Every structure is written in C-alpha cells, then in structure tokens.
Amino acid sequence: MKVLAIESSCDETAAAVVEDGRVALSSIVSSQVDLHAKYGGVVPEVASRQHLLKIVPVIREALEAANCTLDDIDAVAGTRGPGLAGSLLVGYNAARAIAFGRGLPFIGINHLEGHIYANWLVEGPEPEFPALCLVVSGGHTDLVFMRGHGQYERIGGTRDDAAGEAFDKAGRLLGLPFPGGPHIAKAALEGGPSSLELPRAWLHGTFDFSFSGLKTAVLHTVREGRYPVPEVAWEFQESVVDVLAGKTSRLARELGARNVLVAGGVAANARLREELQRRCPVPVRIPPPKFCTDNAAMIGAVAAFRLELGERTPPEADIFTTNDWAAV
Ligand code: KG4
Ligand code: ZN
C-alpha cells in the first residue's frame, strides 16, 4: 500500500510517499527556516503564505522522487494537528482535496504520533511494546507510555518550555541564529566542562520537566559575560540532556518498557542520543536526524497502521491546534 502523506504543521512544507508504513519511497521537506530566521522565530502569517506557495511543488516532487503518479497512490494522509492553524490548514486541505478528487481513502494524523512512528521507518527489527516514548520537539516535551499501536498514556512532560523551545530561547540569548537547537549543539562542540554550573530542575517524585529556570540562568550568565559562548552552550546542553536522559532511563526501568522510542526535532541532538543510549536499560531507538525533525514520511508511517485497522477521517473533521494524548 502506497500512502501520499502531507505535513505542514509549522514551518516545513513536506510530502512523502510511504510504502506499507515502513519504507519512505520519497520524503521532500521545504524548510522556511531562512525566512523566519531574521525574526528570531516562526511568524505564523509568513508560514501559512509560504506553505501556499510550496505545497503543490512539494507534492509533485514527492511523487516524482518516488517514481509514481497519483494513479499509484492507495490513500492520502495529512497532519491534522497540533500546530499553527494557518499552517495546518494548507497541507490538511490539500490532502483532503486530493483524496476527494481521486476517490481515495483519507486519514488525518496527529503530528506527535507521527514523530513517534518515525521509528518504524528505520530498517531492522520493529520496535517492541510496551515502549516508553520521549517526545522532544519545538512545542512538546512528553514522556508517553505506549502499550501497543495507537495506545498512549502520558506519564509526564514539561511544565513550562518545551525542550526545543528552551534550546531556541537559549540560542537567542547567546546571539546564535534561529533555530537555536542545532546551533547550540554546534557551538558546544568547541566548549567543554568549565567552572560554570547551570541548574537542573529535577522535580523529584515526578516525571515532569521544567526548563524556564535554566533559561533564566543562561540570561544571567550572558549578562555577567564571564563565560564564552561555547562554554555556556556546552553546559546548557549538558543540563537539558542530563535531565531528559536521567528521567527517561529511570521511567523505562520502573515501567518495564522493552524499548525506548525517541522522537521529535531535539532527538537529532547527538549528545542526547549518546546519553540515552548509555543510560537506558533497554534498547533505545532514535530515527536518523532527517526523520527526527518535521517531515511527512512519519505521517505516512502512522497512516498505514491506522488505515489497516479500517480507520478513516470523515471529510467534515477539522484541524486541531493543541494536543491531548488521551484522544489520539
Ligand atoms: O519536531 P520539530 O522539527 O518541530 C516541531 O514539531 O516543533 O522540532 C524542532 C525543534 C526546534 O526547537 C529545534 O531547535 C530543535 O527541534 N532541534 C534541535 C536539534 N535539531 C533540531 N535541538 C537540539 N539539538 C539539535 N541538533
Ligand atoms: Zn514536529
């Protein structure tokens, strides 16, 4: 079964053709990052306008790269939420329109579930249940227990900033380009341990996270001006990675998870990947970086297993902007 999947929840216009939920025949991502960089963050109006310009060429390119036409497609999937309303509407409506026009099954997909299912696009043995998922993106930081396909229980998550958001805000304070995550990771390569100690919010007795205190500490450190950027970047990254890997490994042990599945843009972070692998008591699966950050192949991966169960999204179903794991 070949699914044409479309994703436009934030600032990437993406389309992919995915076979049987496991193989990305193509995955095209048109990033708007340069357009938003000068504003230091994503500007929703700019994003939706850009999606409108890119959506048709990106879909065409995804079909061509997969060596197919719409005649070869068996179903269409589109990201339904969460995300920016104006952005979601473009890709979701394009997906609905193609499905309607071609008389194909249509399914709307949760973006965060997509991030988790990027782990099914990796060659090798399938992830095993029960699995503990660490979802770390620009907008979300959640620890979710997954007993089986499509079954989610949120155990903990951030009480303030998402991990990616913390990277982006710290990057801005350090004068690094947007988005901060990859630039902090790069700057940290030139740093190392120093006398600088940034706080870790352990929130003992919970599996929650908090990154706002860390952000304030970065602000004070930058104002003091005693430490060069690479050292602050290094210690900031260590602080985030320490708490994420520490809590994830402990929870995996407590729940008896058979796998840890890591998902979302921050999962592209090499230090986080390394520490999770080192500390977790069970195999840790992390998609390759191109499937960690926003893409449409992950949406096609979820679509396949849901379509197989007979699930379809009715044409009148609208987008949604906030996430509820209990409703996924
Ligand atoms: O999942 P994603 O592509 O979009 C959302 O759904 O939010 O995640 C984007 C986030 C941004 O905050 C970005 O700074 C972060 O992922 N990110 C990273 C790295 N690459 C992307 N954070 C840390 N290290 C990286 N290498
Ligand atoms: Zn995302």
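The values are calculated or read from the model by the stated rules, or taken from the named source; none is laboratory data. Remember, it's a predicted structure, so these values are computed and weren't measured experimentally. Glycine also receives a Cβ, built like all others from the backbone with ideal geometry; neighbour counts cover every protein chain displayed. The protein model used for the area step is the full one, side chains on, heavy atoms only, and it has no ligands, DNA or RNA in it. Shrake-Rupley method; radii C 1.70, N 1.55, O 1.52, S 1.80 Å.
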- Message: Quick check on segment 36-53. Is at least one of its residues closer than 30 Å to Gly171 by Cα, open to solvent by 50 Å² or more (accessible area, probe 1.4 Å), among the basic types (Lys, Arg) and part of a helix (DSSP H, G or I)?
- Response: yes
- Of the residues that sit in segment 141-168 and are farther than 22 Å from Trp120 by Cβ and hydrophobic (A, V, I, L, M, F, W, C), which one is surrounded by the fewest Cβ atoms within 10 Å (Cβ to Cβ)? Ala162
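Just name the residue that is nearest to ligand 2 (Cβ to nearest atom) out of those in segment 113-148 that are of a type outside the set (S, T, N, Q) and in a helix (DSSP H, G or I).
Applying the filter and picking the extreme gives His115.
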- Of all residues in segment 298-328 being touching a Leu at 6+ places or on another chain (Cβ under 7 Å) and surrounded by fewer than 24 Cβ atoms within 10 Å (Cβ to Cβ), the one that is modelled with the highest pLDDT: Ile319
- Would you be able to say whether some residue in segment 169-183 is surrounded by fewer than 24 Cβ atoms within 10 Å (Cβ to Cβ), modelled with pLDDT of 95 or more and on the phi > 0 side of the Ramachandran plot? yes
- Query: When you look at Val241, is it part of a helix (DSSP H, G or I) and free of Cβ contacts under 8 Å to residues at least 40 places away in the same chain, yes or no?
  - Reply: yes
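Scan segment 136-167 residue by residue and report those that are in contact with a Ser or Thr (Cβ under 7 Å, 6 or more places away or on another chain) and either within 13 Å of ligand 1 (Cβ to nearest atom) or aromatic (Phe, Trp, Tyr) (or both). Break it down into steps so the answer makes sense when it comes.
Just the residues of segment 136-167 that are in contact with a Ser or Thr (Cβ under 7 Å, 6 or more places away or on another chain), to begin with: 141, 143, 156-164.
The answer is Thr141, Thr158, Asp161, Ala162, Ala163, Gly164.
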- Task: Could you identify the single residue in Val29, Val33 that is at pLDDT below 95, within 15 Å of ligand 1 (Cβ to nearest atom) and in contact with a strand residue (DSSP E or B) (Cβ under 9 Å, 6 or more places away or on another chain)?
- Result: Val33
- Odd one out for Thr69, checked against (1) surrounded by fewer than 23 Cβ atoms within 10 Å (Cβ to Cβ); (2) away from ligand 2 (no atom under 16 Å from the Cβ); (3) within 23 Å of the chain's Cα centre (by Cα): (3)
- Give Val232, Val222, Val240 a once-over and let me know the one that is at pLDDT 95 or above and open to solvent by 30 Å² or more (accessible area, probe 1.4 Å). Val222
- Note on the structure: Considering residues that are farther than 18 Å from Leu173 by Cα and among the acidic types (Asp, Glu), the number found within segment 191-241 is 1
- Message: Suppose we keep only residues that are open to solvent by less than 10 Å² (accessible area, probe 1.4 Å) and assigned to a loop (DSSP other than H, G, I, E, B) within segment 255-297. Which one would you say is farthest from Pro82 (Cα to Cα)?
- Response: Ala257
